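Student: If you scroll down you'll find the structure; I have some questions about it.
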Amino acid sequence: MIVRLTSALAVALCWLPTAVFGHAEHGHGQAEPMVDPKFRLPAGVQLSVAKSNVHQFVVSTDGQRTVEVIDASGRPYLKIQGGKVLGDANNPALYRMVQPGGGRVPEHLKDGRSYRALHAKWTELAQQTGYGWYDARLVDESAKPFQLTLRVDGRPMRVPVKWGHPNAFKGYWEPQFVQVPNSADFEALLPGLTSGTLSLRATASRKQDVEVLDNQGKPVIRLTDHGVFVNSQHAWASQLGLYYETSAAAGWVKVSEGSMVTYQDPRLKAPEGSQGRQRFTWSVPVRLSQAGKPPQSYQINGVSDWKPAS
């Protein structure tokens, strides 16, 4: 259930940090908390540690994913879903995130235990697809590594956070379409969240399956009437940012019930030897297939331009 802000909660949450989108400020030679760069979140989700007055977590999504932040007891207290940010007003963790060292917790939640017997009271905090919040562990002088627990589309993930020296931000690759097929069966989008991300949506009126092919013409992703499937045996399967139970990996595995997929296409990532280049081209083949009919092939063509940091 989603409710309006109560007056007490509104006062507490007036200090809540909103989403911070931009580069973090780093000290000279001083170790900073950071998300382990080796950890990979699903396509369409980004998590980072940014610094405004102090360090805070910032998560951004493409609007298609549901991201929940989980407390120490395994209960979510923050949720980003459907273009809205929600907080559980019956969870003390929601109040602790409002200030760098922890905010004021209501009396009936202070013991840290009784709240577990209460039903979640989801309260709308903002209408956006990203958010920022404080975590006391980010300002702990002991600088101990820890894990932030998230759930992305129901899948638990423990994100490692450590202290280190981030590489200086030099710039990014900005993709754009050059030629997009004019098809009534699907449409392609560039969500703009990360340089290598592509979205495909199968239209409701389509009568054929939509397949993303590799460079040899073999299908990697398939959008059908029954959801989105990935070929778990393909060499690219682990690079797509699409998550599924590895124990069930035996060929085609469902990764979504919907008709849209946002994934990381290897062809949209800067190729080796691109250092010093200002542009590279890419192409993604798509095939429409229907039993009893010859397949239809299309090409999504684009370029990626290097945008140096200003």
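Student: Right, Val98: at pLDDT 90 or above, crowded, with 16+ Cβ neighbours inside 10 Å, within 30 Å of Glu32 (Cβ to Cβ) and out of contact with any His (no Cβ under 7 Å at 6 or more places or on another chain) or not? Before the answer, list the steps.
Tutor: Details: at pLDDT 90 or above: no; crowded, with 16+ Cβ neighbours inside 10 Å: yes; within 30 Å of Glu32 (Cβ to Cβ): yes; out of contact with any His (no Cβ under 7 Å at 6 or more places or on another chain): yes.
Taking the combined requirement at face value, the residue does not satisfy it.
Student: Mind checking whether some residue in segment 146-164 is out of contact with any Lys or Arg (no Cβ under 7 Å at 6 or more places or on another chain), surrounded by 19 or more Cβ atoms within 10 Å (Cβ to Cβ) and aromatic (Phe, Trp, Tyr)?
Tutor: No: segment 146-164 contains no residue that is out of contact with any Lys or Arg (no Cβ under 7 Å at 6 or more places or on another chain), surrounded by 19 or more Cβ atoms within 10 Å (Cβ to Cβ) and aromatic (Phe, Trp, Tyr).
Student: Just checking, which of Gln275, Gln216 is modelled with pLDDT of 90 or more and either part of a loop (DSSP other than H, G, I, E, B) or over 20 Å from Asn182 (Cβ atoms) (or both)?
Tutor: On the way: Gln275 fails: modelled with pLDDT of 90 or more.
After ruling out the rest, the residue left standing is Gln216.
Student: Also: Being at pLDDT below 85, open to solvent by 70 Å² or more (accessible area, probe 1.4 Å) and over 28 Å from Asp225 (Cα atoms) narrows it down to one of Lys293, Lys307, Lys269, so name that one.
Tutor: On the way: Lys293 fails: over 28 Å from Asp225 (Cα atoms); Lys269 fails: at pLDDT below 85.
Step by step, each of Lys293, Lys307, Lys269 is checked, and only Lys307 is at pLDDT below 85, open to solvent by 70 Å² or more (accessible area, probe 1.4 Å) and over 28 Å from Asp225 (Cα atoms).
Student: In segment 123-145, which residue that is in a loop (DSSP other than H, G, I, E, B) and surrounded by fewer than 19 Cβ atoms within 10 Å (Cβ to Cβ) is modelled with the lowest pLDDT? So that I can check it myself, show each step before the final result.
Tutor: Of segment 123-145, the ones in a loop (DSSP other than H, G, I, E, B) are 127-129, 134-135, 140-145.
If we keep only those that are surrounded by fewer than 19 Cβ atoms within 10 Å (Cβ to Cβ) too, we end up with 127-128, 140-145.
Values: Gln127: 83, Gln128: 83, Asp140: 83, Glu141: 79, Ser142: 83, Ala143: 82, Lys144: 89, Pro145: 94.
Filtering segment 123-145 for residues that are in a loop (DSSP other than H, G, I, E, B) and surrounded by fewer than 19 Cβ atoms within 10 Å (Cβ to Cβ), the one modelled with the lowest pLDDT comes out as Glu141.
Student: A further question on this structure: So, Thr203, is that one of a type in the set (S, T, N, Q) and at pLDDT 85 or above or not?
Tutor: On the way: of a type in the set (S, T, N, Q): yes; at pLDDT 85 or above: yes.
For Thr203, the condition - of a type in the set (S, T, N, Q) and at pLDDT 85 or above - is met.
Student: Okay, next question. Output the residues belonging to segment 65-89 that are within 15 Å of His119 (Cβ to Cβ) and buried (at least 20 other Cβ atoms within 10 Å of the Cβ).
Tutor: Hits for segment 65-89 are Pro76, Tyr77, Lys79, Leu86, Gly87, Asp88, Ala89.
Student: Let me ask you something else. Inspect all residues belonging to segment 182-193 and state whether any of them is within 30 Å of Ala31 (Cβ to Cβ) and either at pLDDT below 85 or in contact with a His (Cβ under 7 Å, 6 or more places away or on another chain) (or both). Outline the logic, then answer.
Tutor: The initial filter retains those residues of segment 182-193 that are within 30 Å of Ala31 (Cβ to Cβ), namely 193.
If we keep only those that are either at pLDDT below 85 or in contact with a His (Cβ under 7 Å, 6 or more places away or on another chain) (or both) as well, we get 193.
Checked against the condition, which is being within 30 Å of Ala31 (Cβ to Cβ) and either at pLDDT below 85 or in contact with a His (Cβ under 7 Å, 6 or more places away or on another chain) (or both), segment 182-193 yields at least one hit.
Student: With the requirement that a residue be crowded, with 18+ Cβ neighbours inside 10 Å and not in a loop (DSSP other than H, G, I, E, B), what does segment 257-266 give you? It would help to see each step written out before you state the result.
Tutor: Taking segment 257-266 as the starting set, the residues that turn out to be crowded, with 18+ Cβ neighbours inside 10 Å are 259, 261-265.
Residues satisfying the conditions are Val261, Thr262, Tyr263, Gln264.
Student: Enumerate the pairs (first residue in segment 35-54 and acidic (Asp, Glu); second residue anywhere and open to solvent by 70 Å² or more (accessible area, probe 1.4 Å)) with beta-carbon separation below 7 Å, excluding pairs fewer than 6 apart on the same chain, so at least 6 apart or on different chains.
Tutor: Asp36/Lys162
Student: Does segment 105-114 include one or more residues that are open to solvent by less than 40 Å² (accessible area, probe 1.4 Å) and in contact (Cβ under 8 Å) with a residue 60 or more places away in the chain? Steps first, please.
Tutor: Step one: list which residues in segment 105-114 are open to solvent by less than 40 Å² (accessible area, probe 1.4 Å), which gives 105-106, 109, 112.
Retained after the next criterion (residues that are in contact (Cβ under 8 Å) with a residue 60 or more places away in the chain): 106.
Yes.
The values are calculated or read from the model by the stated rules, or taken from the named source; none is laboratory data. Keep in mind it's a predicted model, so treat the numbers as computed, not measured. A quick note on method: Cβ atoms are made from the backbone with ideal geometry, for glycine too, and the neighbour counts reach across all protein chains shown. These accessible areas exclude ligands, DNA and RNA; they are computed on the full protein's heavy atoms, side chains included. Shrake-Rupley method; radii C 1.70, N 1.55, O 1.52, S 1.80 Å.
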